[in-house]
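Here, each number is a calculation from the coordinates, and none is a lab measurement. All values reported here derive from a predicted model rather than from experimental measurement. Cβ atoms come from the backbone with ideal geometry, glycine included; neighbour counts cover every protein chain shown.
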Amino acid sequence: MDRKLEKTRRPLWQWLLVAAICAGVLWFGQSLLRDASIRTYSADAAQLIISEVTIGAFEDVTPIRGTILPFNSVFLDAVDGGVIEKVLVEEGSFVEAGQPLLQLSNSDLQLRVATNDTQTTEQLNNLSNIANGMETTRLMTERALIDIEYRIIVLERQQSRMQALHTNNHISREEFESVTDELAYQRKIHVNTTMRKDLEDRIRGERMTLISEQIQKLEQNLELAMSTFENLLVRAPVAGQLTSLPVQIGESMSRGQRLGQIDVVDEFRIQALVDEFYVTRVAPGQSAGFTLGGQRLQATVIKVYPEITQGTFAVDLQFDEGTPNNVRRGQTLQLELTLGNPIESILLPLGGFAQDTGGNWVFLLDADQRYATRREISTGRRNNRFIEVREGLEAGERVITSSYGQMREVERIELRYL
């Protein structure tokens, strides 16, 4: 007789074990798919520069390269132009103020000066003649007054004598009245001549003032013309070194053309080029340090040039303790320009990655240092050693700071350790 067999059930733990195995397989498969979707670049760890994020005082400085230049330079230009006749000093010589350097000739200028001299002399002679004529008129008027005054005195005496004679009827009334009328006439002429003299004096005073001013202007023009002629002899305006004199005998120089340059070598300055990234942060008064001959020295920014050329702008610096004795014109110096006071910050060593990413993201290593993943960060100031990190990194984390090159397009880097 057949017996019915009952089907035994699997224990619960077996079902749990199967479920765990299935979940593990699914998780592993998902991980493989996720890893396959991430663009990964394999790189040798020994060929990368890995730096640690730290906390420290950020020294807000930037390296600049400066050139020693004379503090003052004076350029020599041809005032009126001409042909070089003589070169009296060699290029590179030290000259004194007023020392003759070049002799030029200009026949057109000589002719103009001679013509101007003749015309000015004629005008001066004409003005002198006018002044002499006015002085002669003054003397003639004064002489007329003297004659009138003398005639009045004679007539007054004659009238006085004839008064008694007329009273005693020794002379006729007609003779007496003739003298009286003549005296009255001369007195009127005297008043008129005196008024004319006053008018002439006023007019002469005004005219003489104008003539004096005109003569002064003509004499100044004559001096200017002569000085223009003297400009053909080029003299050193200041004492210094004649660093440039690119002229040859017989060469024709036009008006305003550059003849040479004199450098005042008693004092020097430093001219340096600064990256345009710092254009808003550089101002006169900032300090820069440098080492010269084993000695640490300081210089101060005295001028900032606003023009930006090929990504840089120029600044002038002055030595704080006077020009050192061991500097020469054209010598270069490596300086560190201070842009601000040290501030406690999160610091990331500067590397080639900054040019590749602009400091906007980095590759951050994980705890096992097997992978480095892309991390967005926010940076601030930078100097020749560090970049200031504002957001995205913490102290102790490790970052690839070498140039990323072909790694810029990937999201993760797998590090190989040999």
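Remarks
- Shown in residue order for region 198-204 are the 3J(HN,Hα) couplings computed by the Karplus curve 6.51 cos²θ - 1.76 cosθ + 1.60 at θ = phi - 60°: 4, 5, 4, 5, 5, 5, 5 Hz (x for Gly and Pro).
- Under 15 Å, Cβ to Cβ, from Gln123 - net charge with Lys/Arg +1 and Asp/Glu -1: -4
- Reach of Lys197 by Cα under 17 Å, taken over aspartates and glutamates that are not fewer than 8 positions away in the same chain: Glu135, Glu142, Asp147, Glu149, Glu206
- Karplus-derived 3J(HN,Hα), 6.51/-1.76/1.60, for each residue of region 169-177, Hz, glycine and proline x: 6, 8, 10, 7, 5, 4, 5, 5, 5
- Candidate aspartates and glutamates for bridging to Lys303, where Cα separation is under 12 Å - those fewer than 8 sequence places away on the same chain excluded: Asp316
- Projected label distance in nm at Gln159 and Asp320, using a 7 Å step from Cα toward the beta-carbon: 9.9
- Net length gained if the chain between Ala239 and Asp201 were fully extended (0.36 nm per residue, minus Cα distance): 8.2 nm
- Distance in nm between pseudo-label sites at Glu219 and Val74 (7 Å out along the Cβ direction from Cα): 2.9
- The helix-based estimate of mean residue ellipticity at 222 nm for the chain, built from -39,500 (n - 2.57) per DSSP H run of four or more residues and divided by its residue count, is -13000 deg cm²/dmol to the nearest 500.
- Relative to the Cα centre, the charge distribution of region 328-398, modelled as +1 at Lys and Arg Cβ and -1 at Asp and Glu Cβ, gives a dipole magnitude of about 500 debye.
- Under 5 Å between amide hydrogens, built in the peptide plane, is the criterion, and for Leu233 it picks out Leu104 among residues at least 5 positions away or on other chains.
- Phi angles across region 406-418 convert, under the Karplus curve 6.51 cos²θ - 1.76 cosθ + 1.60 with θ = phi - 60°, into 3J(HN,Hα) values of 6, 7, 5, 8, 9, 9, 8, 10, 9, 8, 9, 10, 9 Hz, Gly and Pro given as x.
- Each peptide in 242-248, 170-176 gets a packing score, the mean of other Cβ atoms within 10 Å over its residues, and the list from highest to lowest is 242-248, 170-176.
- Whole-number D in µm²/s for region 31-165 (Stokes-Einstein; Kirkwood sum over Cα pairs; 4 °C, 1.567 mPa s): 46
- In plain terms, the chain from Gln119 to Arg385 could stretch by 88.3 nm, reckoned as 0.36 nm per residue minus the Cα-Cα distance.
- Note on the chain: dipole from Cβ charges, positive end direction compared against Leu48, Gly340, Ile215; the farthest Cα belongs to Leu48.
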